[in-house]
Amino acid sequence: MSEVEARAKSESKTDNESGNREKKNKPKPADTAALLKMSRVMTMEEIVSKLVKRHKTNCPFTIARTLGIHIQFHDLGTNTRGVYYRKLRRRLIVIHNQLSAEWQRFVCAHELGHDRLHRGMSRFFLEEHSYFNPGKFERQANLFAVKLLTSFDEAQSGETSEQICARNGIPVEMHQFY
Ligand SMILES: [Zn+2]
């Protein structure tokens, strides 16, 4: 056995010996299935309803500020409605200052969605060119926004999604996300 081989062998032995001590606490197969099911239920609805309960409001501005997210209003030009920016511990939502109040509120809710749903990325920058033809993250943020803004409301029987959305100040272009 060469010296290199010997070292490799001893290293792998060390790895084996430092094995898992947590095995005893591992859930049984049936529990694993239940846990998986539970983590699946922790969907957008759960995230939104927890947020609304904790903050006692569904106002995206209030929630964002309470969470320590800075909100700024700037002229973002013709294609960008809002931006969510995260760098280290600083989180920032920039909203286009020329939008209607209705749109500004929706954009804030959408960007808050990025903060809540897409936090896994340590440095995350999204420029919003895609509200109307959204990719996965944009779609999720739109869904989050619609759920947040309608979270104190319930559809009456026979009511259309347009009616619920309109009643809750959601821009008509976003009604499809209800
Ligand atoms: Zn977005």
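The values are calculated or read from the model by the stated rules, or taken from the named source; none is laboratory data. Quick caveat: nothing in here was measured; it's all calculated off a predicted structure. Positions of Cβ are generated from backbone atoms using ideal geometry, with glycine treated the same way; all protein chains shown enter the neighbour counts.
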Near pairs, Cβ below 7 angstrom, 6+ apart or cross-chain, from the stretch 150-170 (more than 19 Å from CYS59 (Cβ to Cβ)) to any residue that is in a helix (DSSP H, G or I): ALA155/ILE164; SER161/HIS175; GLU162/HIS175
Flag for GLY135 being modelled with pLDDT of 85 or more and loosely packed, with under 11 Cβ neighbours inside 10 Å: no
Residues of the stretch 33-65 being surrounded by fewer than 14 Cβ atoms within 10 Å (Cβ to Cβ), among the polar types (S, T, N, Q), assigned to a helix (DSSP H, G or I) and at pLDDT 65 or above, which ones? THR62
Filter the stretch 76-87 down to the residues that are touching a residue at least 24 places away in the same chain (Cβ under 8 Å) and more than 16 Å from the ligand (Cβ to nearest atom) and list them by number. LYS87
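For the stretch 73-80, indicate whether the set of residues that are modelled with pLDDT under 90 and within 30 Å of SER151 (Cβ to Cβ) is non-empty. Let's see the steps before the verdict.
Residues of the stretch 73-80 modelled with pLDDT under 90: 78-80.
Still in the running and within 30 Å of SER151 (Cβ to Cβ): 79-80.
Yes, because at least one residue in the stretch 73-80 is modelled with pLDDT under 90 and within 30 Å of SER151 (Cβ to Cβ).
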